[in-house]
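S.K.: Sending over a structure as structure tokens; questions will come in a sec.
The values are calculated or read from the model by the stated rules, or taken from the named source; none is laboratory data. Note that the structure is a prediction, hence the values are computed from the model and not measured. Virtual Cβ from ideal backbone geometry, glycine too; neighbours counted across all protein chains shown.
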Amino acid sequence: MKSLVKTDLPISPENLREKAKDIFNLLDISDKTARDYNYRIPLFLNFVNENGFNKNSFLQFKRNLIERGDITISTKNKYMASARVFLKELARNGIIPIDITLNIKGFRQGKKHKQEGLTEEEIIRLRNKIKNLPDVPKYIRIKALFCLFAL
């Protein structure tokens, strides 16, 4: 398949890493988000380096992530998000002619693995147990922490 990157630009894996860093640092996002994108983008860039870059690269990257059992769905979505933002910005800046992320969805994430907080009944039981602890420094600290967390 024909490469989508303009041929007049010297594109190499190193250039793409630098381009990604520049793009993420210029976006209207928090420093933490930019750091997260910069941390995750090498997986996509390495994939492109090994498999070439074409109009299906993002979809192929997603399919590659599907096969990986060593990372969670949430992490896969974070890798996809970093690649998606990077590719959209490449298209917006005219470095690639089209946005190849269109109509490619992220991974469906169930709510089953999400942790719920304590129920009101559990908090009351904890409060009753903690209330009966002696007033010594060790337990005063535990009582104070419980009060902070239970608010």
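S.K.: Assuming T101 fulfils every condition listed in (1) at pLDDT below 90; (2) surrounded by 10 or more Cβ atoms within 10 Å (Cβ to Cβ) apart from one, which condition is it?
M.R.: (1)
S.K.: Right, here's the next one. So which residues in the stretch 46-95 are touching a residue at least 60 places away in the same chain (Cβ under 8 Å) and charged (D, E, K, R)?
M.R.: Matches in the stretch 46-95: E89 only.
S.K.: Does Q115 satisfy the criteria of being surrounded by 12 or more Cβ atoms within 10 Å (Cβ to Cβ), at negative phi, at pLDDT below 85 and not assigned by TED's automatic domain parsing to the domain that holds F24? Give the derivation first.
M.R.: Numbers: surrounded by 12 or more Cβ atoms within 10 Å (Cβ to Cβ): no; at negative phi: yes; at pLDDT below 85: yes; not assigned by TED's automatic domain parsing to the domain that holds F24: yes.
No; evaluated as a whole, the condition is false for this residue.
S.K.: So how many residues does the stretch 57-98 have that are part of a loop (DSSP other than H, G, I, E, B) and surrounded by 15 or more Cβ atoms within 10 Å (Cβ to Cβ)?
M.R.: Looking only at the stretch 57-98, we keep the residues that are part of a loop (DSSP other than H, G, I, E, B), and these are 68-72, 93-98.
When the remaining residues are screened for being surrounded by 15 or more Cβ atoms within 10 Å (Cβ to Cβ), the result is 95-96.
So the count comes out to 2.
S.K.: Can you name every residue in the stretch 24-54 that is closer than 17 Å to E89 by Cα, within 14 Å of the chain's Cα centre (by Cα) and not hydroxyl-bearing (S, T, Y)?
M.R.: F24, I29, A34, R35, D36, N38, R40, I41, P42, F44
S.K.: Given R108, R127, which one is at pLDDT below 90, closer than 30 Å to I66 by Cβ and either assigned to a loop (DSSP other than H, G, I, E, B) or of a type outside the set (D, E) (or both)?
M.R.: After ruling out the rest, the residue left standing is R108.
S.K.: Is it true that some residue in the stretch 77-84 is within 19 Å of the chain's Cα centre (by Cα), under 30 Å from F149 (Cβ atoms) and not assigned by TED's automatic domain parsing to the domain that holds A144?
M.R.: Yes, the stretch 77-84 contains at least one residue that is within 19 Å of the chain's Cα centre (by Cα), under 30 Å from F149 (Cβ atoms) and not assigned by TED's automatic domain parsing to the domain that holds A144.
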